[in-house]
Amino acid sequence: MGSTVIPIPDRDQGFADLQEKRKFQVSLSPIVSFVQKNKDSIKKIIHCIKVGTALVLVSLVYFVDRLYKEIGDDNAMWAIMTVVVIFEFHAGATLGKGFYRGIGTVLGGGLGCIAAILGEQVGGIGNPFIVGVSLFIFGGAATYARLIPNIKKRYDYGVMIFILTFNLVSVSGIREENVMEIARERLVMIVMGFAICICTSLFFFPTWASDEIHNSTVSKFEDLASSIEGCVEEYFRLVGDKENQSVHPIASFRNCISVLNSKAKDESLVNFAKWEPWHGKFGLFHPWGKYQKIGEVLREVAAIILSLKGSLNSSREPLQALRESIKEPCEAAGSSLAWTLRELGESIKKMRRCQSELFIVPKLKLARQGLSQVMSPFKLGKHDTAEGLAIACFVFSLMELAEKLEGLAKEVEELGELAGFNRS
């Protein structure tokens, strides 16, 4: 009968390999920690390198003699101007700006050519008159459109490019005979600059606005949860700890203020994300508008948490016994609120569907019931002093937070359905 030889691994060799692997991991850990701490700075440096690369590529028009002679100095300048003007930090912003520049250039150039040709057909003193009237009408109308809030918010750059291109092309027709040829050559240079920007922005370490708005939304949930826990814990500190409270406060409202001030940034990131192509875990028609609605609810939650600051600064000594009697239900409610925020943030982070009606809403309703029992006339009705009202305001704020989080949970659930998140 044949025999089979089973090789037995050398223990010393396996231990040596394990030691080498650990040494390699330890040697990489400082690099990984440095990259994580300076992630934003590294992105900015990469963006600067990409802009420099795009400028070098578009400047080849000047470097290559044959291209420069065919295109000319006046037209080659437009390619460089396009790169400088439309290259943005986020890929979606570059795409959006490039699209609006293209639309504004085509419309402005086309109408400018019509105005220049019409003026040339009239001839004589009628030529500058026709061009001047056209500049007045179209320039004034486009400027009025820029003053409309909805247009200014989304299409301001495109309208500005329309005004610029229309003026340059129509005025050029007064002194130049081949205005159509000039417009065509400038359009080609703009398209070339736009193509260089898109290739550099999308294919070399792209910075996605979609990733940033997704991650920033997730971090807001954690920040607000920590703020709620800090507020409740600090509110029920003992009177003797008041000196430590002033030196080492638990509650931090800095994150809440940051959330309140995030509206403009969130709107910009959502608009940029809508322009971005299908990449990573985000589809072409990802419901970015839902992130904006969730951000609005989170700002309302942050405002309610900030209103608790007055309760934390109120006097503790007169009604310390009453405060101790409501400690347990309030701490339970605060724990439920913080858990809800973290659970919602985790579902968005892992792109997992949130079943709010089964798990989250019942827990929030239970917390509200406990707080409503605290607000019974038997406990608070006899304490209509300033301190008693401050305690009542604190409890009412927690109840309002629970109600607000119920609506937030439904918004997150709708986001999961629209985006096609995985079921848990």
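What the table below lists for this structure:
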| item | result |
| --- | --- |
| Hey, Leu341 crowded, with 19+ Cβ neighbours inside 10 Å and touching a Pro at 6+ places or on another chain (Cβ under 9 Å) or not | no |
| Some residue of region 305-325 being modelled with pLDDT of 85 or more and either crowded, with 19+ Cβ neighbours inside 10 Å or farther than 21 Å from Glu222 by Cβ (or both) | yes |
| Residue satisfying all of: in region 370-403; open to solvent by 60 Å² or more (accessible area, probe 1.4 Å) and modelled with pLDDT of 85 or more; farthest from Tyr291 (Cα to Cα) among these | Phe396 |
| Verdict on Val131 being over 30 Å from His286 (Cβ atoms), in contact with a Ser or Thr (Cβ under 6 Å, 6 or more places away or on another chain), in a helix (DSSP H, G or I) and of a type outside the set (Gly, Ala, Ser) | yes |
| Residues located in region 251-274, provided they are in contact with a helix residue (DSSP H, G or I) (Cβ under 8 Å, 6 or more places away or on another chain), over 15 Å from Gln292 (Cβ atoms) and open to solvent by 70 Å² or more (accessible area, probe 1.4 Å) | Ile257, Ser258 |
| Conditions (1) crowded, with 17+ Cβ neighbours inside 10 Å; (2) not in a helix (DSSP H, G or I); number of the one not met by Gly124 | (1) |
| Residue in region 162-178 that is modelled with the highest pLDDT, counting only those that are surrounded by 23 or more Cβ atoms within 10 Å (Cβ to Cβ) and either β-branched (Val, Ile, Thr) or not in a helix (DSSP H, G or I) (or both) | Thr165 |
| Residue within region 15-34 that is open to solvent by 90 Å² or more (accessible area, probe 1.4 Å), assigned to a helix (DSSP H, G or I) and at pLDDT 70 or above present | no |
| Region 37-65 - residue that is at pLDDT below 75 and part of a helix (DSSP H, G or I) and, of those, surrounded by the fewest Cβ atoms within 10 Å (Cβ to Cβ) | Asp65 |
| Filtered residue count, region 212-260, keeping only those that are of a type outside the set (Gly, Ala, Ser), at pLDDT 85 or above and over 18 Å from Ile391 (Cβ atoms) | 18 |
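The values are calculated or read from the model by the stated rules, or taken from the named source; none is laboratory data. In this text the structure is predicted, and so the values were computed from the model without any measurement. We place every Cβ from the backbone using ideal geometry, glycine too, and count neighbours over all the protein chains shown. Note: accessible area is taken over every heavy atom of the protein model, side chains too, but ligands, DNA and RNA are not part of it. Shrake-Rupley method; radii C 1.70, N 1.55, O 1.52, S 1.80 Å.
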